[in-house]
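Colleague: Here you go, one structure.
The values are calculated or read from the model by the stated rules, or taken from the named source; none is laboratory data. Remember, it's a predicted structure, so these values are computed and weren't measured experimentally. So basically every Cβ, Gly included, is an ideal-geometry build from the backbone, and we count neighbours across all protein chains shown. Each accessible area value is taken on the protein alone, full model and side chains, heavy atoms only, with ligands, DNA and RNA left out. Shrake-Rupley method; radii C 1.70, N 1.55, O 1.52, S 1.80 Å.
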Amino acid sequence: MITKETVFTKDTDNKQLNVQRAFEAPLDQVWKAWTTAEILDQWWAPKPYLAVTKSMDFREGGMWLYFMKGPEGDGSWCRESFKTIHPQQLIANSVSFCDEQGSVNHNFPTMHWKKEFTPTGSATTVNIQITFDTEADLETIVKMGFKEGFTAGLSNLDEYLSAR
């Protein structure tokens, strides 16, 4: 039995958040859950929010554009710009708040993600390194409730995978 605990560490000196989470599912299922819009929409947002994909072009140079919709219909647009993809191993991308067309909102920090997928028997561990341009950017995202929201989303992914 693996632990489903989300492990967060903050590395202020390197302007990074590190997140580790193991899932009781094979690599191909976990990879698909992180790379398929229809599946991301089912788990990415912390409840009661929903992720609603406008477009997904999962390739190097492509982008995922989605709306994080709140229970009152409010929310915010986000984009993930894919830089490097090594199938079932690694995704490097930048994440920004944006408008409905995907134009970056520079009033909020851009996050630089590196997600590594490692199979361990019948489980898969995802290690995520999120780097910021400045320490202030890191602190802004932390104060926005990133840890709590992302942990809730990863718990949604557990639920999704356990139903498969």
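Colleague: Tell me which DSSP H helices of the chain clear both cut-offs, 20 Å or more of axial length from alpha-carbon atoms and a mean Kyte-Doolittle hydropathy of at least 0.0.
Modeller: Numbers: long enough: 146-162 (24 Å, -0.21).
Span-like helices, by this rule, are absent here.
Colleague: Taking GluC sites (Glu not before Pro) that fall in a DSSP loop and have at most 11 other Cβ atoms within 10 Å as cut points, what is the longest piece of the chain between them? Provide the component values of the computation, followed by the final result.
Modeller: Values: sites that count: Glu5, Glu72, Glu100.
It runs 6-71.
Colleague: Okay, moving on. Enter the Cα centre distance for the pair region 102-150 and region 1-52, rounded to the nearest angstrom.
Modeller: 10 Å
Colleague: How big is region 59-141 on each of its three principal axes, counting only the C-alpha atoms and giving the largest first in Å?
Modeller: 41, 30, 27
Colleague: Starting from the Cα of Asp137, step 7 Å along the direction of its Cβ; do the same at Asn105; then give the gap between the two resulting points in nm.
Modeller: Spacing of the two 7 Å Cα→Cβ label points: 1.7 nm.
Colleague: What percentages, rounded to whole numbers, describe P(r) for the chain computed over all alpha carbon pairs with 5 Å bin width beginning at zero?
Modeller: With 5 Å bins starting at 0, P(r) equals 2, 9, 17, 23, 23, 17, 8, 2, 0.
Colleague: Follow-up question, since we're still on this one. Pop a pseudo-label 7 angstrom from the Cα along the beta-carbon direction at both Lys69 and Leu90 and give the gap in nm to one decimal.
Modeller: Rounded to a tenth, the inter-label distance reads 3.6 nm.
Colleague: Relative contact order for the chain using alpha-carbon pairs under 8 Å, separation at least 6, rounded to a whole percent?
Modeller: On the way: 348 pairs, mean separation 41.7, N = 164.
RCO, the chain: 25 percent.
Colleague: Also: Only four residue types carry charge here, +1 at the Cβ of Lys and Arg and -1 at the Cβ of Asp and Glu. Report the dipole size of the chain about the Cα centre in Debye, rounded to the nearest 20.
Modeller: Details: 16 positive and 22 negative charges, 52 e Å.
Once rounded to the nearest 20, the dipole reads 240 debye.
Colleague: How large is the dipole of region 1-91 about the Cα centre if only Lys and Arg carry +1 and Asp and Glu carry -1, each at its Cβ, rounded to the nearest 20 debye? It would help to have the intermediate numbers written out before the result.
Modeller: Values: 11 positive and 12 negative charges, 18 e Å.
Result for region 1-91 is approximately 80 debye, rounded to the nearest 20.
Colleague: How big is region 21-107 by the Kirkwood estimate over distinct Cα pairs, in Å? Don't jump to the answer; show the numbers that get you there.
Modeller: Working: mean 1/r = 0.0732 Å⁻¹.
When all Cα pairs of region 21-107 are included, the Kirkwood radius is 13.7 Å.
Colleague: Give the lysines reachable from Lys47 as a straight Cα distance under 17 Å; neighbours fewer than 8 places away on the same chain don't count.
Modeller: In chain and number order, the partners are Lys69, Lys147.
Colleague: With all protein chains present, how much of the accessible area of the chain (probe radius 1.4 Å) comes from carbon and sulfur, to the nearest whole percent? Write out the running numbers ahead of the final one.
Modeller: Values: 4140 of 8420 Å².
Percent of accessible area from carbon and sulfur atoms in the chain: 49.
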